[in-house]
Amino acid sequence: MANTSLWTQWSDWKSSCRWVDLTHTLSAETPHWVGWPAMQVEEKVNLDNSIFCAHAYTTVGQYGTHVDAPCHMVKGGRSLDQITLDETVMPLCVIDARSQVAENADFVLDVPDILAWEEAHGRIPEGAFVAFMSGWSQRPAEDMDNLDAEGNRHFPGWKLEAVKFLVEERKIGAIGHETSDTEAPTTSGKTNYEVEYYILAQDRIQMELLTNLEQCPPVGALVFCTFPKVKGGTGYPARCFALCPKE
């Protein structure tokens, strides 16, 4: 008799879980890092002159909701085609820091914030995907950099000690955030992006420019981080979604 237990689980997921899309729609208007040009779309053929429609898409890998592979910053680090399938599905832990960010756009998530979250929700499990929910994805795309009068960017980020704690003490699988950088701009220029370098140097992936995290519970969901298997790929627009238990 064939084992169809996974089919039973899939049927149960369809009825007992909420499916939350954590991905911005990909377009020229999609939020992206300030250093990249907007995505370009070229129509190659259409249904007026062919039996099918096709487009060419031109964009950098780190655009919109995307994955960063270790080789994005680390010489000799793994590329997207070397990320194993079991690394793309993880328990999801969502740390809600929206109130702190509302008071201070330059807020930096630190170890005490993680420990306070664990007091309320329990220890972060090994292999987890830890997402920093700042509420930043709710801003209009043109406001994501939050420029001041001098043109300086202001948005929240991870503190190096926090990411080190998650990797070294909790053995997490990956991190994610709603902003276009791992580190807050108030420090990234001074530290040469040491927080992003650290997580990638630990042979982990990270996901940037996530959205809809507020639709996920703090614990109990699974996150699926899917992306093309690009040979030598440093990063690519990704489709991330969470499978959440219904309340």
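Looking at segment 14-47 only, could you name the residues that are modelled with pLDDT of 95 or more and of a type in the set (Phe, Trp, Tyr)? Answer for segment 14-47, where residues must be modelled with pLDDT of 95 or more and of a type in the set (Phe, Trp, Tyr): just TRP19.
Scan segment 31-47 and give yes if some residue there is touching a strand residue (DSSP E or B) at 6+ places or on another chain (Cβ under 9 Å), part of a strand (DSSP E or B) and open to solvent by less than 50 Å² (accessible area, probe 1.4 Å), otherwise no. So far as segment 31-47 goes, yes, one or more of its residues are touching a strand residue (DSSP E or B) at 6+ places or on another chain (Cβ under 9 Å), part of a strand (DSSP E or B) and open to solvent by less than 50 Å² (accessible area, probe 1.4 Å).
Only one residue in VAL101, VAL94, VAL130 is in a helix (DSSP H, G or I) and either touching a residue at least 24 places away in the same chain (Cβ under 8 Å) or within 21 Å of GLY235 (Cβ to Cβ) (or both). Which one?
On the way: VAL94 fails: in a helix (DSSP H, G or I); VAL130 fails: in a helix (DSSP H, G or I).
None of the other options fit; the residue is VAL101.
Right, ARG98: of a type outside the set (S, T, N, Q), in contact with a helix residue (DSSP H, G or I) (Cβ under 6 Å, 6 or more places away or on another chain) and surrounded by 15 or more Cβ atoms within 10 Å (Cβ to Cβ) or not? Full working, then the answer.
Details: of a type outside the set (S, T, N, Q): yes; in contact with a helix residue (DSSP H, G or I) (Cβ under 6 Å, 6 or more places away or on another chain): no; surrounded by 15 or more Cβ atoms within 10 Å (Cβ to Cβ): yes.
It is false that ARG98 is of a type outside the set (S, T, N, Q), in contact with a helix residue (DSSP H, G or I) (Cβ under 6 Å, 6 or more places away or on another chain) and surrounded by 15 or more Cβ atoms within 10 Å (Cβ to Cβ).
Candidates in segment 162-187 are the residues that are at pLDDT 95 or above, part of a helix (DSSP H, G or I) and open to solvent by less than 50 Å² (accessible area, probe 1.4 Å); of these, the one that is farthest from PHE107 (Cα to Cα) is VAL167.
Restricting attention to segment 104-127, the residues that are of a type in the set (Val, Ile, Thr) and in a helix (DSSP H, G or I) total 2. Of all residues in segment 48-91, those being open to solvent by 30 Å² or more (accessible area, probe 1.4 Å), in contact (Cβ under 8 Å) with a residue 60 or more places away in the chain and part of a strand (DSSP E or B) number 2.
Can you work out which of the residues in segment 205-247 that are of a type in the set (Phe, Trp, Tyr) and in contact with a helix residue (DSSP H, G or I) (Cβ under 7 Å, 6 or more places away or on another chain) is nearest to GLU87 (Cα to Cα)? Residue satisfying both the conditions and the ranking: PHE224. In summary, LYS190 fulfils each of the numbered conditions (1) open to solvent by 60 Å² or more (accessible area, probe 1.4 Å); (2) in a strand (DSSP E or B) with the single exception of condition (2).
The values are calculated or read from the model by the stated rules, or taken from the named source; none is laboratory data. What you are looking at is a predicted structure, and each value in this text was computed from that prediction instead of being measured. Don't worry about glycine lacking a Cβ; one is built from the backbone with ideal geometry, like all the others, and counts go over all protein chains shown. Accessible surface is based on the protein model in full, side chains and every heavy atom, while ligands, DNA and RNA are left aside. Shrake-Rupley method; radii C 1.70, N 1.55, O 1.52, S 1.80 Å.
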